[in-house]
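Following: one structure in structure tokens, then a few remarks.
Values quoted throughout were computed directly from the atomic coordinates according to the rules given, and no laboratory measurement underlies them. What you see is a predicted model, and the numbers here were worked out from it, not measured in a lab. Cβ placement follows ideal geometry from the backbone for every residue including glycine, while neighbour counts extend to all protein chains displayed.
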Amino acid sequence: MNSVLFAQEASGSALPSLLFLALMVGVFYFLIIRPQRRRSQKQKEMAESLEVGAEVRTIGGIHGTVVSIDEDSVVLKVEDGQIRLSKRAIGTRVGDDTT
């Protein structure tokens, strides 16, 4: 009797399952992947547009002024000294409304 039940379940269409899977992939893309790509692109554009003298805040919360810029790093003047950070560590410009 069990084999008859399994045979009946296996003969059903897989279309609803495939449609549900496609819907879940679509929702996942529009709610997670697409917004993350936009944030990443904005951060990259901001890091590339940094200028000497700009006041910035790092992702760790350090506030400073850009002293020099290399290809992959930035030197910030903070209180009594300077620190070198990766450009990717710059979170926002201070006073920039597009947070």
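Of all residues being under 17 Å from Gly95 (Cβ atoms) and assigned to a loop (DSSP other than H, G, I, E, B) in segment 60-83, which is farthest from the chain's Cα centre (by Cα)? Just the residue, please.
Filtering segment 60-83 for residues that are under 17 Å from Gly95 (Cβ atoms) and assigned to a loop (DSSP other than H, G, I, E, B), the one farthest from the chain's Cα centre (by Cα) comes out as Ile62.
Give segment 16-56 a look and list any residue that's under 30 Å from Val75 (Cβ atoms), part of a helix (DSSP H, G or I) and of a type in the set (Ser, Thr, Tyr), or say none. Show your work before the answer.
Here is the first cut: in segment 16-56, the ones under 30 Å from Val75 (Cβ atoms) are 36-56.
From what's left, part of a helix (DSSP H, G or I): 36-48.
Scanning segment 16-56 gives a single hit, Ser40.
Please determine, by comparing only the residues of segment 55-98 that are charged (D, E, K, R) and surrounded by 11 or more Cβ atoms within 10 Å (Cβ to Cβ), which one is farthest from Gln43 (Cα to Cα).
Restricting attention to segment 55-98, the residues satisfying the condition of being charged (D, E, K, R) are 55, 57, 70-72, 77, 79-80, 84, 87-88, 93, 96-97.
Checking the rest, the ones that are also surrounded by 11 or more Cβ atoms within 10 Å (Cβ to Cβ) come to 55, 57, 77, 84, 87-88, 93, 96.
Numbers: Glu55: 15, Arg57: 12, Lys77: 21, Arg84: 18, Lys87: 10, Arg88: 8, Arg93: 11, Asp96: 13 Å.
Top of the filtered list is Lys77.
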